[in-house]
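In what follows, a single structure is set out as structure tokens and then discussed.
Since every read-out is calculated from the coordinates, none of them should be taken as a lab result. This structure is a prediction, so every number in the text was calculated from the model and none was measured. Note that each Cβ is placed from the backbone with ideal geometry, even for glycine, and that neighbours are counted across all protein chains shown.
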Amino acid sequence: MFDYLIIGAGFSGAVMAERIANVMGKKVLIVEKRNHIGGNAYDKHNEEGILVHQYGPHIFHTKLKNVWDYISQFTEWQHYHHRVLGSIDGKQVPIPFNLTALKKLFPEQLANEIEHKLVQEFGCNTKVPILKLREANDEQLRLLANYIYDKVFVNYTTKQWGMLPEELDPLVTGRVPVHISRDDRYFQDPYQGLPKHGYTSLFENMLRHPSINLMLNTDYHEVVQFDHQTNQIYLFNQPFKGKVIYTGKIDELFGYKFGELPYRSLRFEFDTLPIAQYQETGTVNYPNEYDFTRITEFKHMTGKYHRWTTIVREYPQVYNKDVKGQDIPYYPISKPENRELYKKYYVEAKAYNQLVLLGRLAEYTYYDMDACIAKALKVFEQQLLE
Ligand code: FAD
Ligand code: UDP
């Protein structure tokens, strides 16, 4: 009945389904346990008619022209460059920390001296991860590094991950490097924006094809069996011979036999307020106050008019697959021991020659949306196109 089976209808699954149907002309079944497509990028209009991102704010940004060209087939774009302010010492300053933040927070003469040294040491318009800046030889640069570490990173990271910055893969805090520049945008990628009619509409456009069949509200366990003894896969109790693209959690696929891969989860608190605008920028980070990490106001991002506004606060929390409300695995935790555990499952998965692992969960990798799309396009070209 079907040539390909895909588990999960997020970016990873949707790109594969779209390519299989449009390029190969083959039939594909997508099985998705949620009641909607789009994975964590899903958005919808709330009761007040304001477009919100149900699983946290999603800004599309990429350096990759092929990804931008590909995804632009399915949407027009709302022009948007994300700006974030951080609440530091009673002031709101740009995040990533940049020369503007330095001027706002430090006495003028000291700020000028430090700026001069930063430019001399690293150059203009460069980005320096905080953990690298802390290793600077110069005393004033170390003073700055320790200030930024204390005021921007240590408390935010402890809230977000339950760990100190140096306990995580440096790439995590390296996502928000100190920027020796006055450019106050969160990303400098050449391609940025939000889908003009929302992410869900983008996904609908991707998946609108007679050869793409979608089963929502269906955990794959209800229709697919993996026999780990024989490495045979069954769909609707019949042996299935086609390729299976799996975008769920890899440890779940193997019944957690080596133990659970840890994740960090979030609780979102949405608030709709009878005012036109709540804050100055799309997101304001609160590293040192409150239990939440940041507040995002959707109207800045979506550009949609409404007389009221909706904001969301993000409260990080422990992930627990058995507790409702804590059971969404938002973030894989990048640490060497977790990579080691992942590898054990990966070896098991390799025994299935039909199986393709893709995405944040199946690859246990802190991917942004563009990276998921890039990976799916590459895997499609290299492993599916015969
Ligand atoms: P997912 O979107 O998680 O999709 C996997 C799908 O598989 C889900 O729909 C899930 O329900 C389904 N599934 C899982 N298990 C089963 C099962 N047993 N049976 C059936 N279906 C199953 N990226 C950006 O580029 N920009 C941003 O601004 C950005 N902001 C983010 C903010 C937050 C708070 C978070 C958590 C992530 C953010 N991301 C952002 C990352 C982005 O969400 C991911 O890169 C992307 O959604 C991953 O797509 P995916 O298809 O791999 O996984
Ligand atoms: N971070 C921080 N303070 C900030 C912003 C980010 O400490 O004000 C750290 C924190 O560890 C966070 C990481 O940098 O998890 C990556 O931030 P990003 O905004 O990329 O996280 P995401 O949007 O993926 O949640």
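Round to the nearest 10 and give me the degree value, 0 to 90, for the angle of helix 336-350's Cα axis relative to the longest principal axis of the chain. Helix 336-350 and the main axis of the chain meet at about 20 degrees. When you restrict to C-alpha pairs under 8 Å that are six or more residues apart and normalise by the size of the range 5-46, the relative contact order lands at 50 percent. Tell me the net charge near residue 360. Cut-off is 14 Å between Cβ atoms, residue 360 excluded, with +1 for each Lys or Arg and -1 for each Asp or Glu. With Lys, Arg at +1 and Asp, Glu at -1, the net is -2. Projecting the Cα atoms of 50, 61, 93 onto the dipole axis of the range 1-156, where Lys and Arg carry +1 and Asp and Glu carry -1 at the beta carbon, places 61 farthest toward the positive end. Which residues in the range 69-104 have a backbone N closer than 16 Å to a point placed 7 Å from the Cα of residue 22 along the Cα-to-Cβ line? Label zone hits: 69-77. Highest-first packing order for the peptide set 238-248, 333-343 is 238-248, 333-343, based on the mean count of other beta carbon atoms within 10 Å. Highest mean packing first, where packing is the average number of other Cβ atoms within 10 Å per residue, the peptides 175-181, 256-262 line up as 175-181, 256-262.
Residue 379: net charge of surrounding residues, Cβ under 11 Å, Lys/Arg +1, Asp/Glu -1, itself excluded? In short, +2.
Take the chain, connect every pair of alpha-carbon atoms lying under 10 Å apart with a spring to form a Gaussian network, then pick out the residue of 52, 67, 323 with the largest mean-square fluctuation. Ranking 52, 67, 323 by mean-square fluctuation puts 323 first. In percent, rounded to a whole number, the relative contact order of the range 17-162 is 9, using alpha-carbon pairs under 8 Å and six or more apart.
Remark on residue 267: its backbone amide H falls under 5 Å from those of 315, 317, a criterion applied only to residues 5 or more positions apart or on other chains, H modelled at 1.01 Å from N. Considering only 368, 322, 227, the mean-square fluctuation computed in a Gaussian network model of the chain, springs between alpha carbons under 10 angstrom, is largest for 322. For the chain, the mean residue ellipticity at 222 nm estimated from helices alone is -8000 deg cm²/dmol, where every DSSP H run of n ≥ 4 contributes -39500 (n - 2.57) and the total is divided by all residues, rounded to the nearest 500. The relative contact order of the chain, computed from alpha carbon pairs under 8 Å that lie at least 6 residues apart in sequence, is 25 percent. Taking 18 Å as the cut-off, the amide N atoms of the range 336-357 that come nearer than this to a point 7 Å along the Cα-to-beta-carbon line of residue 230 belong to 351-355. Once the Cα atoms are used to define both axes, helix 108-122 deviates from the longest principal axis of the chain by about 50 degrees. Charges were assigned to the Cβ only: +1 to each Lys and Arg, -1 to each Asp and Glu. The resulting dipole of the chain about its Cα centre is roughly 580 debye. From the alpha carbon centroid of the range 153-215 to that of the range 53-102 is 8 Å. Applying 0.36 nm per residue to the separation of residue 35 and residue 315 and subtracting their alpha-carbon distance, the gain on full extension is 98.4 nm.
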